[in-house]
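Asker: So that we are looking at the same thing, I have put the structure below in structure tokens.
The values are calculated or read from the model by the stated rules, or taken from the named source; none is laboratory data. Note that the structure is a prediction, hence the values are computed from the model and not measured. All Cβ positions, even for glycine, are placed from backbone atoms using ideal geometry, and neighbour counts span all protein chains on display.
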Amino acid sequence: MKTNPIFAKSVIALAILTTLSPLAHSEEIEKIQITAQKRTQNITEVGVTTTAFNGDMLEEMGIDSAVDLGAHTPGLVAVNSTSGSTPIFAIRGIGLDDFSPNNTSGVGVYTDEVFASSPVYLGGQLFDIERVEVLKGPQGTLYGKNTTGGAINFITSKPIDDFEAFIEADYSSHQTLEITSAVSGALADTVNGRLSLNYAKSNEGWQKDESTGEEFGLIDTFAVRGQLGFDLGDSGTGLLRVYANNDKSKPLSPDSEGIEDTFGDDSFSALNSSSDPEKVSVGELAVSRDESGSGVALTLDYSFENFDVISISSWDQYDRVVVDNYDGSAMATMELIQDDKLEQWSQEIRFISTGNDDFTWVAGANISNENVDAYDLFDDSFFLTDSAFDGVLYPEDINAFGLDRFIADYVQETDSYGLYLHTETQLNDSWKLIAGIRYSNDERAFNGSATNESFGEVFPVTELNEINDESAVTGKLGLDWKVNDDLLVFGNVATSYKSGVYYGGAVLDAQAWSYVKPEDVLSAELGFKWTLLDGSMQLNGAAFALEYENRQSLLTFVSGEFSDFSGFAVADTTLANIPESQTAGFELDVNWLPTDELTIEAGIAYLNSKVTKAPTTKGLRGINADPSVNDQAHENGFGFVDALADELVEGTVLSQAPEWSYNALVAYDMPLENDLFLKFQTSYSYSGTQYAQLADPNAKYGAIGALNGLISLTSDEDGWTVTLWARNMLDNHAETYSFTGFAGRTVYRQQPATFGLTFKYDYF
């Protein structure tokens with residue numbers, strides 16, 4: 001067996017580290033308090049694989065968006081779909097490869113314990129953050145549906161009694177100004193308030209169409225959050241949170257390549273864009289974004305003699321209108337228009353024991369409603385031009401518009417209910433038994449139509465009006481072994497499920513719209529958390545294996561009807577279940593303070609993923625999984641992947657599942673005179689090649705590497721910090737996302753090197 005050199009070196013390095021004594025007197029590593037199991041606990045004492053960041057760490061690592069988390073969390077993949085407005089997460093190879101507004105990732109995302117039914121609700125949320133928790137592995141007991149891969153908790157900074165305030169101004173490449181500010185303090189004897197805001201605007205885009213001079217990737221966002229904390233007599237507290245945000249940024253544009261191969265003529269290469277991420281070809285398409293969201297949440301906490309009762313009520317809404325250069329080509333006709341409205345409300349009641357340390361429990365119930373009103377339009381008029389039929393590029397056809405459009409117009413409503421119980425039993429001084437169970441029920445109604453507008457006439461593609469009801473029982477059983485005060489070893493088995501869904505994209509074939517069954521995961525995990533060197537080092541590791549049933553996966557196929565009509569392969573997509581698949585691997589991370597001044601952090605993750613049972617024609621709703629049928633696709637009107645993708649067989653690698661990923665950080669704090677501190681920090685992250693979609697070579701992208709750095713000067717006495725920072729200092733142009741476009745391969749690339757200066761002032 002050939003050993004991966006990165007892994008070998010990492011193991012050797014960690015072995016050396018564990019035998020060292022501190023180089024000098026060093027501080028203990030900060031023990032972050034987390035609420036991963038719905039009660040406040042020390043992260044080193046919880047038998048759950050968790051990566052946590054406090055607010056200072058987020059700033060110092062340059063984590064400005066939810067997507068940035070992936071570069072500092074082994075096992076987490078985080079990417080932006082399409083133009084960059086919607087984050088998609090995957091943990092241990094379990095996530096989402098469909099970015100339709102009605103679908104949800106297998107990684108549950110929460111803000112202040114409120115579940116986001118769509119990742120769009122994260123817009124404008126990641127500022128003035130107390131901490132972020134990334135929970136790895138199925139969380140089907142305490143968190144419920146759509147946590148087959150794990151969960152991410154964003155916890156905002158809360159109001160406090162004492163007055164505090166800060167303002168942070170950041171000026172960076174492309175004339176980008178970002179201002180973040182917050183003020184908090186007592187408003188009355190029993191009422192505290194906090195007001196936070198974030199504003200960002202750039203005067204230059206970091207992408208430019210050389211033919212038109214148009215710039216893309218311009219930032220224009222604003223978000224505000226207000227919170228009131230109040231007492232409810234002697235035994236209760238309350239927290240009211242309201243927020244609003246808007247985003248009028250100009251979307252990025254991907255690159256396109258291989259269009260000449262699709263049409264068999266080199267003249268079509270003029271429609272491709274450059275491999276330089278700063279140079280794009282958009283043509284006359286007027287891309288734009290207008291998004292806004294708002295919400296309110298009320299948390300009430302009452303204490304009784306032996307238990308606490310917590311009520312969490314929330315309502316959120318999000319509207320977006322986006323015009324996107326979907327395929328990255330110079331053809332203005334290859335556009336995506338999204339006009340979506342989303343709304344959700346939820347209510348949770350939770351009971352937490354407080355009276356017995358040897359036996360603790362958390363029990364609760366939740367109810368929620370999610371509503372998606374979507375209108376998505378794909379324009380592919382170019383396929384009906386003389387250029388497409390003759391196989392010769394006529395310049396007048398490049399900006400054809402409105403000849404042929406495919407539209408998805410639907411409303412999806414989901415009602416969810418859940419009951420859960422989580423227990424922890426201290427068997428003796430060393431052993432703790434963890435057991436939990438949850439019942440979930442989801443009812444999803446889909447009402448909509450898919451149509452084709454061709455030369456001004458409307459043709460129905462399909463209609464779908466149906467309701468599906470499903471329920472699941474999930475659970476967890478685990479053992480924590482406290483070997484000594486410094487070492488925790490834990491093991492568990494757990495189940496989780498992701499609710500069924502309808503594919504909501506615009507389609508060419510009626511069969512592409514259908515209900516897709518829920519997916520189920522069974523996981524086994526063995527891990528440890530080890531505090532070393534008098535508390536100056538924390539070493540964590542975990543090995544895991546997951547069995548996956550009915551994975552919901554996006555598939556590309558060849559539309560027989562349209563391919564026969566046009567004379568060349570026309571791609572369509574759908575969502576389908578993969579009967580069986582699995583992932584297995586390990587994660588290892590270390591945090592070390594060799595001296596009071598020096599910090600070293602490193603993490604590595606290995607993942608082996610594959611399809612273990614491929615779908616059949618029957619399992620794909622009549623779609624024939626044999627690529628040979630594409631030659632006769634016109635006979636049944638529906639073919640599968642051949643011209644544009646590989647055959648889906650056993651052994652196919654899962655999407656968003658890089659084999660290797662790792663990260664490292666070194667920071668040095670140098671005390672100066674007059675209570676000044678100088679900090680030097682550098683970090684590097686790497687994620688190997690991966691797929692955005694199963695069995696599609698066009699969807700293979702990466703590897704992605706980024707070297708970041710900063711130098712900061714802080715005055716503890718006066719409360720200010722000045723930071724000079726750089727991201728992607730090596731100016732890598734790695735592919736960060738790709739898929740099969742309408743006429744070739746569509747590629748998003750890494751943003752070039754970015755530099756900035758930040759000034760922050762804290763008032764206490």
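Asker: Looking only at segment 159-172, count how many residues are surrounded by 15 or more Cβ atoms within 10 Å (Cβ to Cβ) and part of a loop (DSSP other than H, G, I, E, B).
Answerer: 1
Yes or no, residue by residue, for (1) more than 30 Å from Gly93 (Cα to Cα); (2) touching a Phe, Trp or Tyr at 6+ places or on another chain (Cβ under 6 Å); (3) aliphatic (A, V, I, L, M):
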| position | (1), (2), (3) |
| --- | --- |
| Ile129 | no, no, yes |
| Ile155 | no, no, yes |
| Ile179 | yes, yes, yes |
| Arg194 | yes, no, no |
| Ala200 | yes, no, yes |
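Asker: Out of all the residues in segment 243-253, is one or more under 17 Å from Asp209 (Cα atoms), in a loop (DSSP other than H, G, I, E, B), modelled with pLDDT of 85 or more and of a type in the set (Lys, Arg)?
Answerer: For segment 243-253, residues under 17 Å from Asp209 (Cα atoms), in a loop (DSSP other than H, G, I, E, B), modelled with pLDDT of 85 or more and of a type in the set (Lys, Arg): present.
Asker: Which of the residues belonging to segment 655-707 are surrounded by fewer than 21 Cβ atoms within 10 Å (Cβ to Cβ) and charged (D, E, K, R)?
Answerer: Within segment 655-707, Glu659, Asp669, Glu673, Asp675, Lys679, Lys700 meet the criteria.
Asker: Quick one: would you say Ile310 is aliphatic (A, V, I, L, M) and either in a loop (DSSP other than H, G, I, E, B) or closer than 24 Å to Tyr143 by Cβ (or both)?
Answerer: Spelling it out, Ile310 is indeed aliphatic (A, V, I, L, M) and either in a loop (DSSP other than H, G, I, E, B) or closer than 24 Å to Tyr143 by Cβ (or both).
Asker: Right, another one. Looking for whichever is of a type in the set (Gly, Ala, Ser), modelled with pLDDT of 90 or more and not in a strand (DSSP E or B) here; the options are Ala657, Ala695, Ala643. Which one fits?
Answerer: Details: Ala695 fails: modelled with pLDDT of 90 or more; Ala643 fails: modelled with pLDDT of 90 or more.
The conditions single out Ala657.
Asker: Looking only at segment 265-285, count every residue that is under 23 Å from Phe389 (Cα atoms) and either touching a Gly at 6+ places or on another chain (Cβ under 6 Å) or not in a loop (DSSP other than H, G, I, E, B) (or both) and tell me the total.
Answerer: Qualifying residue count for the region: 8.
Asker: Another question about this same structure. Kindly evaluate Val134 against the criterion of being modelled with pLDDT of 85 or more and under 20 Å from Glu59 (Cβ atoms).
Answerer: yes
Asker: To continue, here is another question. Please specify each residue of segment 409-466 satisfying the condition of being of a type in the set (A, V, I, L, M, F, W, C) and within 26 Å of Val362 (Cα to Cα).
Answerer: Leu419, Leu421, Leu427, Trp431, Leu433, Ile434, Ala435, Ile437
Asker: Output the qualifying pairs, or none if there are none: Cβ atoms under 8 angstrom, residues six or more apart or on different chains, first residue in segment 91-112 and closer than 22 Å to Val321 by Cα and among the β-branched types (Val, Ile, Thr), second residue outside any strand (DSSP E or B) and modelled with pLDDT under 85.
Answerer: Going by the 8 Å Cβ cut-off, the qualifying pairs are Thr104/Leu96; Thr104/Ser117; Thr104/Ser118; Thr104/Pro119; Thr104/Asn146.
Asker: What's the total number of residues in segment 498-510 that are outside any loop (DSSP other than H, G, I, E, B) and within 16 Å of Thr414 (Cα to Cα)?
Answerer: 3
Asker: Okay, moving on. With the requirement that a residue be within 30 Å of Ala692 (Cα to Cα) and surrounded by 18 or more Cβ atoms within 10 Å (Cβ to Cβ), what does segment 708-727 give you?
Answerer: Asn708, Ala726, Arg727
Asker: Within segment 719-733, how many residues are in contact (Cβ under 8 Å) with a residue 40 or more places away in the chain and either among the aromatic types (Phe, Trp, Tyr) or more than 16 Å from Gly756 (Cα to Cα) (or both)?
Answerer: 4
Asker: Taking into account only those residues within segment 445-470 that are part of a strand (DSSP E or B) and small (Gly, Ala, Ser), which is surrounded by the most Cβ atoms within 10 Å (Cβ to Cβ)?
Answerer: Only one residue tops the list, namely Ala450.
Asker: Name, by its number, the condition in (1) in contact (Cβ under 8 Å) with a residue 60 or more places away in the chain; (2) more than 30 Å from Asp469 (Cα to Cα); (3) not β-branched (Val, Ile, Thr) that does not hold for Leu427.
Answerer: Result: Leu427 fails condition (1) only.
Asker: Scan segment 371-386 residue by residue and report those that are farther than 16 Å from Arg320 by Cβ and either among the acidic types (Asp, Glu) or without any contact (Cβ under 8 Å) to a residue 40 or more places away in the chain (or both).
Answerer: Of everything in segment 371-386, those that are farther than 16 Å from Arg320 by Cβ and either among the acidic types (Asp, Glu) or without any contact (Cβ under 8 Å) to a residue 40 or more places away in the chain (or both) turn out to be Asp379, Asp380, Thr385, Asp386.
Asker: If we scan segment 294-316, do we find a residue that is buried (at least 17 other Cβ atoms within 10 Å of the Cβ), within 30 Å of Gln751 (Cα to Cα) and in contact (Cβ under 8 Å) with a residue 12 or more places away in the chain?
Answerer: No: segment 294-316 contains no residue that is buried (at least 17 other Cβ atoms within 10 Å of the Cβ), within 30 Å of Gln751 (Cα to Cα) and in contact (Cβ under 8 Å) with a residue 12 or more places away in the chain.
Asker: Out of (1) out of contact with any strand residue (DSSP E or B) (no Cβ under 8 Å at 6 or more places or on another chain); (2) over 23 Å from Ile63 (Cα atoms); (3) not β-branched (Val, Ile, Thr), what's the single condition that is false for Ser655?
Answerer: Failed condition: (1).
Asker: Taking the stated definitions as given, is Asp509 surrounded by fewer than 18 Cβ atoms within 10 Å (Cβ to Cβ) and either closer than 23 Å to Arg350 by Cα or of a type in the set (Asp, Glu) (or both)?
Answerer: no
Asker: Would you please name the residue that is modelled with the highest pLDDT, looking only at residues in segment 611-624 that are surrounded by fewer than 17 Cβ atoms within 10 Å (Cβ to Cβ) and not hydroxyl-bearing (Ser, Thr, Tyr)?
Answerer: It comes out as Lys613.
Asker: Looking only at segment 173-195, count how many residues are within 18 Å of Ile63 (Cα to Cα), of a type in the set (Ser, Thr, Tyr) and either under 25 Å from the mean Cα position of the chain (by Cα) or not in a strand (DSSP E or B) (or both).
Answerer: Matching residues across segment 173-195 total 3.
Asker: Next question. Identify, please: which residue in segment 205-237 is touching a strand residue (DSSP E or B) at 6+ places or on another chain (Cβ under 8 Å) and loosely packed, with under 14 Cβ neighbours inside 10 Å and is, among those, nearest to Ala297 (Cα to Cα)?
Answerer: Here the residue is Leu232.
Asker: Could I ask something else about it? If I ask for residues that are among the hydrophobic types (A, V, I, L, M, F, W, C) and either in contact with a strand residue (DSSP E or B) (Cβ under 9 Å, 6 or more places away or on another chain) or crowded, with 22+ Cβ neighbours inside 10 Å (or both), which ones from segment 264-288 would you list? Spell out the reasoning first.
Answerer: Just the residues of segment 264-288 that are among the hydrophobic types (A, V, I, L, M, F, W, C), to begin with: 268, 270-271, 280, 282, 285-287.
Passing the criteria: Phe268, Leu271, Val280, Val282, Leu285, Ala286, Val287.
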